[in-house]
Amino acid sequence: MITIQIGVDEAGRWAWAWPVVASAFAILKNRFKKTSTYRDINDSKQLTKWRRDQLFEALQLAKVNGEVTFYIASIDSEVVDTKWIKEANRMAMELAIQQIIEMIWKINSEKIEIHIDGNDHYRFNFSDWTTSRNIKIMEHIRGDQLFKTIGAASILAKVTRDRWMSEYSKSYPEYGFDRHKGYGTYAHQIALETFGILNIHRKSYSPIKHLIMWVKKI
């Protein structure tokens, strides 16, 4: 029986701005495991930006060559504010997993194991046709350090989101999104207090919520 492992991870969960991004990743050809790309895959936070970018491009090439497959999904800040971050994160992961399962079944695999970073105990609502398949879901604390598939997913999600934030920074350079990527740094806090809140900011998050309340009192 052929078993394909899918690794799933997200980026941007605790950022103050813009989307949460999830990626699902699977290895299709064993020859990929003999590459330097596979050897160097790790938790994205353990890698330098230079190496993350290198691995991101290498994973893109490996997909073109049919060695791996992956799908990257995102959920915007408006949904984070209305559904809350845990649900938004689940939605992003569900979309990524759903899409990659559909890709994988096309190659007639008989069994799928889904390995997810963390221990949020998500319940996914897949299409009806997937429920009859042989799919097992497992969660792992520090899974991005334990499983290459989760590590690859973490790289894909983080680099994708970081690049989006850097691109967005060109429209609003005074906020420094290219540096802090929307996370809660002192520089981000000062930018908020100086220039105000943008549409991409997560208004349900305490720092943004408190700033909104402070402005209303003036």
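None of the figures in this text is laboratory data; all of them are computed from the coordinates on show. Keep in mind the model is a prediction, meaning the values are calculated, not measured. Glycine gets a Cβ as well: all are built from the backbone with ideal geometry, and neighbour counts include every protein chain shown.
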Item to check | Residues of segment 27-62 satisfying the condition of being among the charged types (D, E, K, R) and either under 16 Å from the mean Cα position of the chain (by Cα) or loosely packed, with under 15 Cβ neighbours inside 10 Å (or both) | outcome: LYS29, ARG31, LYS33, LYS34, ARG39, ASP43, LYS45, LYS49, ARG51, ARG52, ASP53, GLU57
Next on the checklist: Just the residues that are among the aromatic types (Phe, Trp, Tyr) and closer than 27 Å to LYS86 by Cα, please, taken from segment 29-75.
Outcome noted: PHE56, PHE70, TYR71
Checklist entry - Across segment 1-17, what is the total count of residues that are in contact with a Ser or Thr (Cβ under 6 Å, 6 or more places away or on another chain) and crowded, with 24+ Cβ neighbours inside 10 Å? => result 2
Checklist outcome for this item: Within segment 78-97, residues among the basic types (Lys, Arg) and over 16 Å from TRP18 (Cβ atoms) come out as LYS86, ARG90
Checklist entry - What single numbered condition from (1) charged (D, E, K, R); (2) within 24 Å of ILE141 (Cβ to Cβ); (3) without any contact (Cβ under 8 Å) to a residue 24 or more places away in the chain fails to hold for ASP117? => result (3)
Checklist entry - Got a sec? Which of VAL79, VAL20 is without any contact (Cβ under 8 Å) to a residue 24 or more places away in the chain, surrounded by 15 or more Cβ atoms within 10 Å (Cβ to Cβ) and not basic (Lys, Arg)? => result VAL79
Item to check | Residue list for segment 169-188, filter: surrounded by 15 or more Cβ atoms within 10 Å (Cβ to Cβ) and part of a helix (DSSP H, G or I) | outcome: SER169, TYR175, PHE177, ASP178, HIS180, HIS188
Checklist entry - If you take the residues in segment 193-210 that are in a helix (DSSP H, G or I) and in contact (Cβ under 8 Å) with a residue 40 or more places away in the chain, which one is surrounded by the fewest Cβ atoms within 10 Å (Cβ to Cβ)? => result PRO207
Checklist entry - Which condition does ARG161 not pass, out of (1) of a type in the set (Lys, Arg); (2) under 30 Å from LEU61 (Cα atoms); (3) surrounded by 13 or more Cβ atoms within 10 Å (Cβ to Cβ); (4) more than 20 Å from the chain's Cα centre (by Cα), if it passes all the others? => result (4)
